[in-house]
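The values are calculated or read from the model by the stated rules, or taken from the named source; none is laboratory data. All figures in this text were calculated on a predicted structure; none of them were measured in a lab. Ideal geometry is used to build each Cβ from the backbone, glycine not excepted, and the neighbour counts take in all protein chains shown.
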Amino acid sequence: MGATALACPVSAQAPGPVGGRGEIFAGSELETYLRDLQLVGAVPLYPWSVRSFSPGELDRLLPPDSVVHPWAQRYNLASAPARGLTFEVIRPAAGVRLNSGFPYGSNDGPIWAGRGLTLDLQMGFAARYGAVSLTVAPQVFWAQNASFDLMPNDQTGRLTYADGLFPDGIDRPQRFGSGGYAVLDPGQSSLRLDAGPVTVRISTANQYWGPATEYPMVLGNNAPGFPHGFIGTSHPIDLWLIRVHGRLVYGRLSQSAYSVETEGGGYRFMAGGVGVATVRGVPGLEIGASRFSHSPWPGLSHITLDHFLIPLRSQQAANFAGTFQDNQIASAFMRWVFPRSGVEVYAEYGREDYNLNLRDFVQEPDHDGGHTIGVRKALRRRGQSFLVLRTELQNTQIGILALGRPQTPFYIHSSPVRQGHTERGQILGSEAGLGGAGATVALDAYRPDGRWTVWWSRMLRADQANYTLGGVPGPRALDVLHTLGVERLVFKGRYDVVARVAAVYELNRYFREDAFNLNAAFAIRANVTR
């Protein structure tokens, strides 16, 4: 799979007051646009590492009428106080993707784009009454899922479609069966209460933990959202020296039909938390951490207080004693924005499961670890237009430490939780993170008539020289994807139209021959209120 998502029909809209934001657009695209406006000083500084944003947060982030930005004539983003019940239809969106050679695509939420055509449709509504907001945004997709050569994995029956290298270690099918594959997903739906400093939500929407956009260590929109509830702060809480913002999350994770796991009916209990702090006197700096736990699903009647306390205490001793067997991923991150310079830098360090002790961490911080780093630079042009040059790099490869101490690829853990860090067959974090590496360089040009994006990416999918696999280096030892693409978002009357084409060249596919894939996409979103 690749490293860029079709920008038009992904993710849900945040509800806005009628006559205020009016023609709202996709939440992930809105958040990205606001992030880039933050770089040029058009919106206030705000921590970006705990998303998606609530309607109240968006009210505080949206630029006032006095601020001129490229899409000011297209979208009325000015915040207006909500009075009484407000209701908006989520702008219906439809898309089609084409992969000529093999499956490709990432950061697409529930959509899995196989070889051939993939069609998707999203629609729904959003309502808001005071502190209560409701979004219903289901999404349906159908993938032609045409045949292609699979990587042999020594499995039989349905498991021949499982992951080629780790069929019993991660639920990440190469192909979802032998024919058309269709899913009706609840999508970015949620019910949320923001009462003063506290927020409570039940939802199936994606969450974004950390500052990364392409390669998040823990959570992003590479997989479907999962049913969950959370409690946290509705906005950063001022403790004078610092402001803190975060949430505790609990949910249920599911697997695909191509997983080997049977314990808990294939379900897992998820518990985790994410928090971020900003420091008085250091504008634009945010520092945070996250923790995500998988454990076998105990059944609703057997969920205990211990399950809810997982994000708040250490299970290290219990884990090594075998009395609490789970899989945990944790990360620490930072982001620093300099609006006067139009620059943003960020980094995230992630760990797959526990250290033996503090000495172990100091001695081998890269054992079962990885990192993501990124830079964004905004450049103003004439009039309202501006450019954003961005790059993001990730590395979770198994290194030379494997010579002296066993390691497994990131997102895989040898415990009763054999689905890895996935939801319904797709990785919850970064598509490049399964013991590999990723890099993206992109240029976004925002204009009054839309946006141009040009990008190049490289993703190391697998390394046969991995010592835990018993492989040896050789001319075909690295399976690497290179992608060069261009995307155009254009505003045309009532419609927003997105077109994309990308050339994907895979070196040493399955450690054998090179392969080529043409990836093309087209999406349209209607402005129902125009």
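Summary table below
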quantity: Qualifying residue in region 19-37 (condition: buried (at least 22 other Cβ atoms within 10 Å of the Cβ), touching a Lys or Arg at 6+ places or on another chain (Cβ under 6 Å) and either at pLDDT below 85 or not in a loop (DSSP other than H, G, I, E, B) (or both)); calculated: no
quantity: Exclusive hit being under 23 Å from Arg458 (Cβ atoms), out of contact with any Phe, Trp or Tyr (no Cβ under 7 Å at 6 or more places or on another chain) and at pLDDT below 95, set Gly435, Gly404, Gly399; calculated: Gly399
quantity: Enumeration of residues in region 436-460 that are more than 22 Å from Tyr75 (Cβ to Cβ), in contact (Cβ under 8 Å) with a residue 40 or more places away in the chain and aliphatic (A, V, I, L, M); calculated: Ala437, Ala439, Val441, Ala442, Leu443, Met459, Leu460
quantity: First in region 169-184 and within 20 Å of Ser430 (Cα to Cα), second anywhere and outside any loop (DSSP other than H, G, I, E, B) and of a type in the set (S, T, N, Q), Cβ under 8 Å, 6 or more apart; calculated: Ile170/Thr422; Asp171/Thr422; Arg172/Thr422; Arg172/Gln426
quantity: Close pairs from region 244-270: first under 20 Å from Gly164 (Cα atoms), partner among the basic types (Lys, Arg), Cβ under 7 Å, at least 6 apart; calculated: Gln255/Arg424; Ser256/Arg424; Ala257/Arg158; Tyr258/Arg158; Val260/Arg418; Glu261/Arg418
quantity: Subset of region 338-378 [more than 30 Å from Arg35 (Cβ to Cβ), surrounded by 16 or more Cβ atoms within 10 Å (Cβ to Cβ) and among the charged types (D, E, K, R)]; calculated: Asp353, Glu364, Asp368
quantity: Tally of residues being in contact with a Gly (Cβ under 7 Å, 6 or more places away or on another chain) and more than 29 Å from Arg351 (Cα to Cα) across region 190-221; calculated: 1
quantity: Hits in region 250-275 - residues which are assigned to a loop (DSSP other than H, G, I, E, B) and either surrounded by fewer than 18 Cβ atoms within 10 Å (Cβ to Cβ) or among the basic types (Lys, Arg) (or both); calculated: Ala257, Val260, Thr262, Tyr267
quantity: Any pair with Cβ under 8 angstrom, 6 or more apart, that starts in region 285-309 at a residue that is among the aromatic types (Phe, Trp, Tyr) and ends at one that is assigned to a loop (DSSP other than H, G, I, E, B) and surrounded by fewer than 18 Cβ atoms within 10 Å (Cβ to Cβ); calculated: Trp297/Tyr267
quantity: All positions within region 67-104 that are at pLDDT below 95, of a type outside the set (Lys, Arg), closer than 28 Å to Leu428 by Cβ and in contact with a Lys or Arg (Cβ under 9 Å, 6 or more places away or on another chain); calculated: Pro92, Ala93
quantity: The one condition in (1) touching a residue at least 12 places away in the same chain (Cβ under 8 Å); (2) touching a strand residue (DSSP E or B) at 6+ places or on another chain (Cβ under 9 Å) that Arg340 fails to fulfil; calculated: (2)
quantity: Pairs with Cβ under 8 Å, 6+ apart, first in region 106-118 and within 16 Å of Gln207 (Cβ to Cβ), second among the small types (Gly, Ala, Ser) and surrounded by fewer than 24 Cβ atoms within 10 Å (Cβ to Cβ); calculated: none
quantity: Residues (part of a loop (DSSP other than H, G, I, E, B), under 26 Å from the mean Cα position of the chain (by Cα) and touching a residue at least 40 places away in the same chain (Cβ under 8 Å)) located in region 344-373; calculated: Asp353, His367, Asp368
quantity: Output for region 276-296, where each listed residue is crowded, with 23+ Cβ neighbours inside 10 Å, within 30 Å of Gly342 (Cα to Cα) and of a type outside the set (A, V, I, L, M); calculated: Glu286, Gly288, Ser290
quantity: Considering residues of region 190-223 that are within 14 Å of the chain's Cα centre (by Cα) and more than 19 Å from Ala271 (Cβ to Cβ) only, the residue surrounded by the most Cβ atoms within 10 Å (Cβ to Cβ); calculated: Tyr215
quantity: Residue in region 119-137 that is among the charged types (D, E, K, R) and under 16 Å from Ala94 (Cα atoms) present; calculated: yes
quantity: Whichever residue in region 452-479 is surrounded by fewer than 21 Cβ atoms within 10 Å (Cβ to Cβ) and in contact with an Asp or Glu (Cβ under 7 Å, 6 or more places away or on another chain) and, among such residues, is modelled with the highest pLDDT; calculated: Thr453
quantity: Among the residues listed as Tyr354, Tyr411, Tyr346, the single one being at pLDDT 95 or above and within 23 Å of Ser430 (Cα to Cα); calculated: Tyr346
quantity: Qualifying residue in region 201-208 (condition: in contact with a strand residue (DSSP E or B) (Cβ under 6 Å, 6 or more places away or on another chain) and more than 28 Å from Phe333 (Cα to Cα)); calculated: no
quantity: Condition met for Pro138 (at pLDDT 95 or above, touching a Gly at 6+ places or on another chain (Cβ under 6 Å) and under 20 Å from Leu428 (Cβ atoms)); calculated: no
quantity: Qualifying residue in region 175-189 (condition: within 28 Å of Met334 (Cα to Cα) and either surrounded by 21 or more Cβ atoms within 10 Å (Cβ to Cβ) or in contact with a helix residue (DSSP H, G or I) (Cβ under 9 Å, 6 or more places away or on another chain) (or both)); calculated: yes
